[in-house]
Amino acid sequence: RYLSGKSNGKSKVNQTISKDSAKVVHSFDIEDIGSKAVFCRCWRSKKFPYCDGAHTKHNEETGDNVGPLIIKKKEL
Ligand code: FES
């Protein structure tokens with residue numbers, strides 16, 4: 001079966017964010033992150049690319065188990 005990647009019957013991860021873009025990419029300089037940043041990996045956050053806790057509802061509704069990526073400075 002031919003899979004074009006556009007209509008192969010698989011569901012999309014990104015339902016709402018920047019749908020007019022061919023690819024959603026965010027880039028941060030590590031020096032600008034500060035002591036801690038929490039990034040969304042469920043694609044449901046209203047503050048994307050940051051986590052706003054929307055993953056909890058998504059997990060409850062779907063049985064999924066996704067959560068954020070947390071980047072933080074080591075405590076010395
Ligand atoms: Fe998406 Fe938290 S809101 S990981």
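The values are calculated or read from the model by the stated rules, or taken from the named source; none is laboratory data. None of the values given here were measured: they were computed from a predicted structure. Because the Cβ atoms are built from the backbone with ideal geometry, glycine has one as well, and the counts that use them run over all protein chains shown. To get the accessible areas, we keep the full protein, side chains included, count just its heavy atoms, and leave off ligands, DNA and RNA. Shrake-Rupley method; radii C 1.70, N 1.55, O 1.52, S 1.80 Å.
Calculated mean residue ellipticity, 222 nm, the chain: -3500 deg cm²/dmol, from DSSP H runs (n ≥ 4) at -39500 (n - 2.57) each, averaged per residue and rounded to 500.
Within the shell defined by Cβ-Cβ distances under 15 Å, the residues around Cys40 carry a net charge of +4, with Lys and Arg each +1 and Asp and Glu each -1.
Hull volume per residue, based on the alpha-carbon atoms of the chain and their convex hull, is 149 Å³. For the chain, the solvent-accessible area of protein heavy atoms averages 88 Å² per residue (probe radius 1.4 Å; ligands and nucleic acids excluded). Return the carbon/sulfur percentage of the accessible area of the chain, one whole number, probe 1.4 Å, all protein chains in place. The computed percentage sits at 49.
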